[in-house]
Structures are given as structure tokens and as C-alpha cells.
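Here's the structure, in C-alpha cells; my notes come after.
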Amino acid sequence: MMKARITFFALVSLVACHALGQQPVPAEMAPIQKNFNDYNINSLQEKLFVHTNKNSCTAGELLWFKIYNVDGIYLRPLNVSKVVYVEILDDNQTPVLQTKIAMKDNGGDGSLFIPLTVPTGYYTLRAYTNWMKNFSPDYYFSKKISIINPLKSPEAVAKTNSTEYDIQFFPEGGELVNGLASVVGFKAADEWGKGLNFKGAILNEKNDTVATFSPLKFGLGHFIFKPENSGIYHAVIKIGGKEIQKKLPVVYASGYVMNLTENGSGTLSVKVNSNLRKENIYLFAQTRNVVKLIETTVCDNGIANFTIDKNKLGDGISQITIFNGERSPVCERLYFKRPQKQLMLSAETNAGGYVPRKKVDIAVTAKTQNGTPAAADLSLSVYRLDSMQYDDKMNILNYLWLSADLKGTIESPEYYFNSSDATSQEAADNLMLTQGWRSFTWKDVFENKPRSFTFLPEFNGPIINGKIINQLTQKPAKDVFAFLGIPGKSVQLYASKSDSLGRLIFNMKAFYGPSEIIAETNTEIDTNYHIDILSPFSEQFAKVAFPHLDVTPAMETSFEDQSLAMQVQNIYNAPLLKQFNDPQADSGAFYGEPAKTYLLDNYTRFTTIEEIMREYVREVNIGHPHDQFRIKVIDGVGFLSENDPMVLVDGIPFFKMNKIFAIDPLKLRKLEVVPYTYYLGPSTEQGIFSFTSYKGDFGGAEIDPHAVVIDYEGLQLQRQFYTPEYDTEQKADSRTPDFRTALYWSPSVVTGADGTKNISFYTSDLPGKYIGVIQGITKNGEAGSQTFTFEVKPSLSAQTNK
């Protein structure tokens, strides 16, 4: 935990030093720079990317995934949060599957079993950390996946004749100003976010055409427009024979406009026009909340010009803000610079085609942009393509450097990385004009308003949050100690003290798989409280919309094939699909090695707990005032504790000693004693006595009725991906059918210092075209993705049988 904290604060400090080191800075802008850095210094951003082994899966099969976590500034692997929450949401934003994934060494992996109750349709897979819940859900990772359920008919959707179009206009810099020419970006998309092709015109109040426009790519484009006399303008757009009218943004009588253009010399020109007085104008450029450039010039005769060296901007998306002479932000826009550091991946198969049950050898090579071999953390998936499967164009490179910093869905993000010609540059600029957003407001920066964070980063493991209520007043209870235990052989107990809002925080450690948890207060002291355990999953949702997945006749064959493959796999290989890796979690008790362990079978078996404690447990003194048992701890020098120690049975505290002494000792296996003061989080315990039963049933003792007992899912246990080996003739001739459509999945393909890694697997009985997707990242933040394909043809014997 300490190492994670050091990493977190070291990165924050590095960002601060980098930002504050930008010199020289105009004196008038120094306070804004300081406020900006102060505002962001404690706001480390995490970014996640999830590589799924397929983009379409069948109900009844497993979806596998690898999670990459990077910092939001330098986009390097980040080892801070130890838990990632993964969900699959339906079109109503209702979770149909949820899980918690352990993160180790900057990454984590897991799987989701798609139940047969899930209907056919498009779903959202999203992932986030507890820390990310402090920010907008637009920051969460999300991607579209399709689920096919051949055993359940798709839900019918009423057809409508009307089509919804999203048409928006975005003046460069933010506003239209009377008499000043502006570049106006526009976007036109259908209700599912897919760009449209159309022709449009801008008309004035007299219905005279003053500008025409049409999109360049993906429904995005721009035109130049000079409003006159503060008139009201509207657009007329023709899409598919339908005419749509849309008002342009309001035209202001005075103000500022900006225009950014690319120069061929590796520089950018930023021109600011104004119809106001002569004044100083300031340019403030930042990349992912790190200040890159602050410059000033004079706006004379309504014109101010800046020249920006692109080398001074960071890779990816930069935000350029113009401040007027009063240091108020008046214009703002985004600029995209293609990342220079990329991971160049290649994956070569040893043949272009194969027959069923044959070995496939793949040579993976990773290099930096300049050709140097790279040690990289990669994930690799190989699966069969059909009418439902598709090559997902979202990959780790274009997501981290582009999509993650923009709001909404980015259509074909790979386009902006695959070409560097003038058309793609213009298309990228249209995207910046129309899709931008930021994670702060300048008002908060100016007011030096500190960010408030509700959710803590999970440095060490899952955090379970609760809330404690006084049942007499129905109000949150302050300064009440609560305990949360996990019954079992491994004694796991956590303590928390409620804050002024009654909130409880239990910092768990190695908590894997489903289990019961028991939360309670010390009922010898506090009897009027109730504890609620809160869900750790986010209740915030980004706005997404997917079209209904219409099943066409052409898809029916794929449906049948996938259903058959799924059923064959589950029938013949069910045990092999349910093998899990050992999480290698520490199974010791929370108090470590006890001072004394009493294995009760090694002693005379008395019929009462009192006899056992009095006869051979040396560390205890027993009293029985007013028919109530009391015990005190005696340490090595004979010191007698003032208060009762904590007494546990199967890891759960029992505060009423009479319950302990009523247990049948023949049901207990051992007693561990910690005869000294022990600090359990905020709680101070004067010794610990921990009993373990034979059956894990608390020796028959009843849990306190005030305790809250619930089923709770810990971190996911990792399944082992099943892939058979046909390395002998006998195995290859086996009559057990092999209908795998997912041939290979590995979340941990690690290239060495030479940048290479060799991988092998075997084809299944299913012929067809297969695709391999490999992607990942280096420690320095070079990210990359690559695909390869090969074909499996029916064997000669299979063709003969036909």
C-alpha cells in the first residue's frame, strides 16, 4: 500500500514540476497558471482500456478481457488502483453482468459468462476504478458489444417512420460575432451517432444563401461564415430527400473569434479577431492538464497573431484558450497532434492456411517507432470471423490518444491514425471543432476551488463502503465503531469508525470469490444502530445509444452455427471451462502469527468452554459477575487488561461472552491467542482470542440479531482459458468434437528485451477465416495494435465424407 501511495504522489509531483517549469510566462498570466496547476495537482486521472477477445459473443459462452491502466497525463502504465469494476449494460443502462477485477503490475484480466437469459442485442461493456467515480462517467472506458442468444427470440421494437437527426454547429473559438468571419464546424449524425452525407446552405433573414456546406468525412465538416448586422441565420439541410431547418448559434454584437491553421513549417498560426478596443491578448495551451505554452501579443486594429511551434505541444489533444486583457477566457478550441511514440507490432503465422487440429505458430515482434526492439505487455486473441463477428477498429492506440479525451462516440477512430495526408488532417480538425470537451471549468480554476473527492483510490484491494443509521432518530450516526468480517478458515476482520455523515470505509485486502460478509457494531455498547452495505458499482451513466440489432435471414446460419458450437463446448468441455487459477492470496489471519495456538484435540476435552479456559489457557482470567462472563488478558509479565479482549469465532466477533461460553467445545478445533494490545484500524483491542470451528458454523452459536449478513462478491477468481493440444496422432484422431470459435486468448504475452515472443495453439474442427488481434503497451507508454488472418480449410477426409 505504501508503494502505491508513493507512486501516486510522485507522479502528481512530477506533473507539478513539469508544469511550473514552463518559462518565461507573462507576469499577468502567472496567477492563472498557478491556479491551474494547483487545481489539477491532486487530480490524477486514470485511463482504462479493455481488450475483449471478441466483439460479439453467444449466450452460454465466455467473454474474455484484458484491462490496461495508464495515467491520464503521460499515458504510461499506472500501478495505483488495485481493483477495476467491469459491467455489461443493456440499452436501458441496467447492468446485466458485474464483476470486480484484481489489478497487478498495471493490468488485470478476467472473464464473464454470458447467461442464457440475456436477449439478443447490443450492449455496453464499461470499466472504471473507484477513483474514476469522482469524475464524469464519460471518462469510464466503454465499448459496444453484441450478444447473440439463439435460444431466445429478440425483443420486438416498434418501428417508427420518423428518423431522428443530431445536427449541431460549432463556431471555432465558441461564438459568432457580428462582422467577423468565423470558421463554423458542423456535425450531422443519425440517432445512433453515425455520420450522414448531405448538402446544406446557410440562409439569412431574407432567405438569401450566404454559405453552402457538405461534410468531408463521417458527417463532419466546416465552412467560413461572416454574419452581418447581428442577423438571425438558419441552415437548410437536405438528407435523403428530407429537408431540415436548423438555427445557427446566436450572433453577438461584439466579441472575439479565433482561427487556427496548419503551416507547412511545423508551426500553427492562431489568429484572433475582435471588434473591441486595443488590448493585450494571451494564449494558454495545455495538453492533458499540463501547461505547454503561455504567450502574449497585442490585439491592434482588431487582429492578434500567434505562431505556435508544434514541438512545444504534447502528443494527442491539446486545448488552446485565448484570454482577453482582463484575463478572462474568450475563445477556446482543441488541436490534435498525432502521437510520435507508437508501438509497432507484427505477428506472422508459419503458414497462410491450415486444416483442423493443426498447430499454428505465431512469431510476435514489438518495436518502437524508430525500429528498436521493445519489451511490451501485450494481449492476443484469435477467433473465427462470421456475419456477426467483426474487426473492431477501436484499439489501445486510438482510444488512449483520441477517443478517451473526447465526448461521445468517435466514428472510425483508426482513420485519424492510418493516414497523415491533408484530407485526414482536415478531418481530424473537423473532429476537434465538433467533439471537444474538458474536465474542468475556468470559473473553478479562477476561484481556486479545490476538488472534492468522495471515492478513494483502492491502493491495496477492494473498499467496502457502508452507512450506519441510528434507528431511534433515523439519522446518520457519528463516531461509531463497526466491524466487518468474512467467515471462513482465513480470519479476515476489518474495523471502521463512522464519520459525521455516518459513512463507514472497510479497506479489504485479498478478498476473492463469493462469500458472506457480516457487519456489526459492539452490541455490548451500541445496540440502536443499523448498517447498510453500499454497492461499489457506479450509479452514474454516460449517454449512449445503440440501434436495435435486427436479425436478418443472412444471420440465421451464423446463429445456428454459434449455438451449436456453444452447446458442444459446454457439453464436452464443461469441467475444462471451470478451472481457476490460485489467486495466491495471503491466507493468514489479520493479526499475523499468534503468540499461542491451542489445538484442542491435544488437550483433555472438557464439556464447557469455561473449563477449557480455566484449565489450560494461561493468557486469560475469567470472571462471572452478575451471571455475565467476563475475560481479561494476561500478558507475559502478568499484566491484566482493563477491558474484555476481542473474541472471534470463525473470524466473526462475539461481544456477549455468555454466547461464547455456551458453545459446545467439541465443535471447536483450535484457539489462537494474541495477549497484547492490537490496533485494528481505528479500533484498539486489548488482546484477541480467536476460535476456529470444525465446520465453519461458529460452533453452533447464533450471530447477533443486530448484525447484517449479506452475500457479497469479492474479486473475480481467474479462469484458465481452455485450449487443447493435438501434439500426438492419438489426440488428433480423438472423436471428441472440438467446436471452438475462440482458438486462443492470452492476456499476458510479454516480449523480452529482444522484442520477440513465440506462441503456439491448435485449430479446431471448424473451418473458416480466423483473425488474430494483438495489442498492448510498453512501460514508456508506446501503445500499438495489429491484426493478422489465416484460413482453416476442411480436411481432405472431411471433404471425402461429403
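The table for this structure:
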read-out: Candidates LEU406, LEU431, filtered to the one that is touching a Leu at 6+ places or on another chain (Cβ under 8 Å) and more than 23 Å from TYR85 (Cα to Cα); value: LEU431
read-out: Residues satisfying the stated conditions in region 496-519, i.e. assigned to a loop (DSSP other than H, G, I, E, B), closer than 24 Å to GLU87 by Cβ and open to solvent by less than 50 Å² (accessible area, probe 1.4 Å); value: MET508, ALA510, PHE511, GLY513
read-out: Cβ-Cβ under 6 Å pairs, at least 6 apart or on other chains, region 372-393 side under 27 Å from PHE739 (Cα atoms) and free of Cβ contacts under 8 Å to residues at least 60 places away in the same chain, far side assigned to a loop (DSSP other than H, G, I, E, B) and of a type in the set (Asp, Glu); value: LYS393/GLU414
read-out: Restricting region 447-506 to residues that are polar (S, T, N, Q) and under 17 Å from PHE590 (Cβ atoms), the residue that is modelled with the highest pLDDT; value: SER496
read-out: Listing of strands (runs of 3 or more DSSP E) fully contained in region 179-224 that carry 3 or more residues being surrounded by 15 or more Cβ atoms within 10 Å (Cβ to Cβ) and in contact (Cβ under 8 Å) with a residue 40 or more places away in the chain; value: 182-190
read-out: Spans of helices (runs of 4 or more DSSP H) in region 378-443 with at least 2 residues of a type in the set (Asp, Glu); value: 422-434
read-out: Residue in region 307-325 that is in contact with a helix residue (DSSP H, G or I) (Cβ under 7 Å, 6 or more places away or on another chain) and open to solvent by 50 Å² or more (accessible area, probe 1.4 Å) present; value: no
read-out: The lone exception for PHE580 - which of (1) under 16 Å from CYS57 (Cα atoms); (2) of a type in the set (Phe, Trp, Tyr); (3) exposed (fewer than 14 other Cβ atoms within 10 Å of the Cβ) it fails; value: (1)
read-out: Inter-residue pairs, beta-carbon under 7 Å, first farther than 14 Å from LEU48 by Cα and in region 84-109, second among the aliphatic types (A, V, I, L, M) and not in a strand (DSSP E or B), 6+ apart; value: VAL96/VAL118
read-out: Residues (open to solvent by 20 Å² or more (accessible area, probe 1.4 Å) and either within 19 Å of the chain's Cα centre (by Cα) or over 30 Å from PRO553 (Cβ atoms) (or both)) located in region 411-432; value: GLU414, TYR415, PHE417, ASN418, SER419, SER420, ASP421, ALA422, THR423, GLN425, GLU426, ASP429
read-out: Positions within region 71-115 being touching an Asp or Glu at 6+ places or on another chain (Cβ under 9 Å), assigned to a strand (DSSP E or B) and farther than 25 Å from MET508 by Cβ, in sequence order; value: VAL96
read-out: Of the criteria (1) at pLDDT 90 or above; (2) surrounded by fewer than 13 Cβ atoms within 10 Å (Cβ to Cβ), which one GLY241 fails; value: (1)
read-out: First in region 520-543 and open to solvent by 60 Å² or more (accessible area, probe 1.4 Å), second anywhere and among the aromatic types (Phe, Trp, Tyr), Cβ under 7 Å, 6 or more apart; value: GLU524/PHE655
read-out: Only listed residue being in contact (Cβ under 8 Å) with a residue 12 or more places away in the chain, within 30 Å of GLY752 (Cα to Cα) and open to solvent by 50 Å² or more (accessible area, probe 1.4 Å), chosen from GLU332, GLU348; value: GLU348
read-out: Strands (runs of 3 or more DSSP E) fully within region 753-795 counting 1 or more residues that are among the aliphatic types (A, V, I, L, M) and closer than 14 Å to LYS367 by Cβ; value: 768-778, 783-792
read-out: Residues that are open to solvent by 60 Å² or more (accessible area, probe 1.4 Å) and touching a Ser or Thr at 6+ places or on another chain (Cβ under 7 Å), drawn from region 657-681; value: LYS667, ARG669, THR677, GLY681
read-out: Single unsatisfied condition, LYS143 versus (1) assigned to a strand (DSSP E or B); (2) in contact with a Phe, Trp or Tyr (Cβ under 7 Å, 6 or more places away or on another chain); (3) surrounded by fewer than 22 Cβ atoms within 10 Å (Cβ to Cβ); (4) not small (Gly, Ala, Ser); value: (2)
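The values are calculated or read from the model by the stated rules, or taken from the named source; none is laboratory data. This structure is a prediction, so every number in the text was calculated from the model and none was measured. Every residue, glycine as well, gets a Cβ built from its backbone with ideal geometry; the counts of neighbours run over all protein chains shown. What goes into the accessible areas is simple: the full protein's heavy atoms, side chains included, and nothing from ligands, DNA or RNA. Shrake-Rupley method; radii C 1.70, N 1.55, O 1.52, S 1.80 Å.
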